[in-house]
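> I have a structure I would like to understand better, so I am pasting it below and will then ask my questions one at a time.
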Amino acid sequence: MNIAVIGSNMVDLISYIEKMPKEGETLEAPDFEIGCGGKGANQAVAAAKMGSKVMMVTKVGDDLFANNTIQNLERYGIDTEFTNKVPGTSSGVAPIFVDQESKNRILIIKGANQHLLPEDVDRAAEKLKKCSLIVLQLEIPLPTIYHAIEFGNKHGIPVILNPAPARKDLDFEYVCKSDFFIPNESELEILTGMPVESEDQIQKAAMVLIEKGLKNVIVTMGSRGVMWVTKEKSQTVDSHKVAAIDTTGAGDAFIGCFAHYFVQNGDVLNAIKMATAFAALSVTKRGTQTSYPGIDEVEQFLKVRV
Ligand code: RIB
């Protein structure tokens, strides 16, 4: 039941702030943490923490961050055979600002992630063919995403596409060939140009994507839960009420955990429920990967909640 994440890794530079400085202003912020992140790596770590065998096809720079990123993936048991260094390039970095309401603002400098090309997917082909699921996000070049979707289709491997960060130039001819499309509300808004304030609006916007040809649209809505929309039906799984302190990487937590449970038996609803609990626990701690719970913690959390 191997999962392949073809995607990004970043070094997260997280500042915990009271308020954003204005132009020309210097402000003191209470705290800073550095950690391993990147939407792809976060999703890989979330699936691995749940117990999946995960391989990651990604690129790091040849800087001081590179070995640490590789070692970090390996610490979680992730196969890094196709995690390669790009000479003369910096690793991806993400300055992140988390405010006192636990909300984040993220900048990404893609660095080596820009160099993950369709050829890299082909190089990993023999190993990828043995995987049960491919997971993609948008922090790598679009031609690589399209190629990976086609690779999955050709070899009968389901594909999850997390359209984050959202891009208006996504080619839906390829995107519609993914099996699960998992945006958050703001990504859904950017992709459809439709309002997403109410659940009704979110459902309508998701339905537009279904009409374009997508099979499953799963919208993560933060504290409002998760909406799963198909041609036939739409259903919402409620979120768990928790005391959030840092929501960074919660969407990735959801996707990695969803991937883990989906490959077990194809039960989408159960995978959404488990991933909702996993993501809820992740926002109760600081950081991205460092905030992800272990399987025991998730089981314990659900036992208390039921
Ligand atoms: O989704 C959160 C992630 O977005 C962070 O880890 C950061 O690296 C950016 O990729």
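The values are calculated or read from the model by the stated rules, or taken from the named source; none is laboratory data. Given the structure is predicted, the values throughout are model-derived calculations rather than measurements. Cβ sites come from the backbone with ideal geometry, for glycine too, and all protein chains shown count toward neighbours. Quick note on the areas: whole protein, heavy atoms, side chains included, nothing else; ligands and nucleic acids left out. Shrake-Rupley method; radii C 1.70, N 1.55, O 1.52, S 1.80 Å.
> Work out, step by step, the length gained on full extension between Arg305 and Glu74: first 0.36 nm times the residue separation, then minus their alpha carbon distance; give nm to one decimal.
Value of the extension gain: 79.9 nm.
> Which length gain, in nm to one decimal place, applies between Thr230 and Lys130 when the Cα-Cα distance is subtracted from 0.36 nm times their residue separation?
33.2 nm
> Would you mind calculating the relative contact order of the chain from Cα pairs under 8 angstrom and at least 6 residues apart, reporting the percent as a whole number? Each step should come with its number before you reach the end.
Working: 706 pairs, mean separation 54.3, N = 306.
This gives 18 percent for the chain.
> May I pose another question? Applying 1/(1 + (r/R0)^6) with R0 = 41 Å to the Cβ-Cβ distance of Leu269 and Gln100, what FRET efficiency is obtained, to the nearest 0.05?
On the way: r = 35 Å, r/R0 = 0.86.
Calculated value: 0.70.
> Then there is this: Can you list, bin by bin at 20 Å, the percent of alpha carbon pairs in the chain, starting at 0?
Cα pair-distance distribution for the chain, in percent: 36, 59, 5.
> Okay, moving on. For the range 94-169, what does the alpha-carbon gyration tensor say about shape, rounded, prolate or oblate, given a ≥ b ≥ c as the root eigenvalues, a/c under 1.5 as rounded, and a/b over b/c as prolate?
Prolate, since a/c reaches 1.5 and a/b exceeds b/c.
> In addition: Among Leu136, Leu188, Leu27, which one shows the highest mean-square fluctuation when the chain is modelled as a Gaussian network with alpha-carbon springs under 10 Å?
Between Leu136, Leu188, Leu27, it is Leu27 that shows the largest mean-square fluctuation.
> Build a GNM of the chain with springs between Cα atoms under 10 Å: which of Ala250, Ala164, Ala279 gets the top mean-square fluctuation?
Ala164
> Between Asp171 and Ser198, 0.36 nm times their residue separation minus their Cα-Cα distance comes to what?
7.0 nm
> Which whole-Hz couplings ³J(HN,Hα) result when phi for each residue of the range 178-189 is put into the Karplus expression 6.51 cos²θ - 1.76 cosθ + 1.60, θ = phi - 60°, listed in order with x for Gly and Pro?
7, 8, 10, 10, 10, x, 8, 4, 5, 5, 4, 5
> Mind checking the per residue accessible area of the range 128-181 for me, 1.4 Å probe, whole number of Å²?
That works out to 34 Å² per residue.
> For labels at His240 and Thr284 in the simple 7 Å Cα→Cβ model, what's the distance in nm?
Placing both labels 7 Å beyond Cα along the Cβ direction yields 0.6 nm.
> Counting only C-alpha contacts under 8 Å and six or more residues apart, can you give the relative contact order of the range 131-219 as a whole percent?
Relative contact order, the range 131-219: 26 percent.
> If you roll a 1.4 Å probe over the chain with all protein chains in place, what percent of the accessible area is carbon or sulfur?
51 percent
> Of the peptides 96-104, 52-60, how do they stack up when ordered by the mean number of other Cβ atoms within 10 Å, highest first?
In descending order of packing, they fall as 52-60, 96-104.
> Could you order peptides 139-147, 80-88 by the average number of other Cβ atoms within 10 Å of their residues, highest first?
Top to bottom by mean Cβ count within 10 Å: 139-147, 80-88.
> Something else now. Which residue, Asn162, Asn153, Asn184, tops the fluctuation ranking in a GNM of the chain built on C-alpha contacts under 10 Å?
Looking only at Asn162, Asn153, Asn184, the biggest GNM fluctuation is shown by Asn153.
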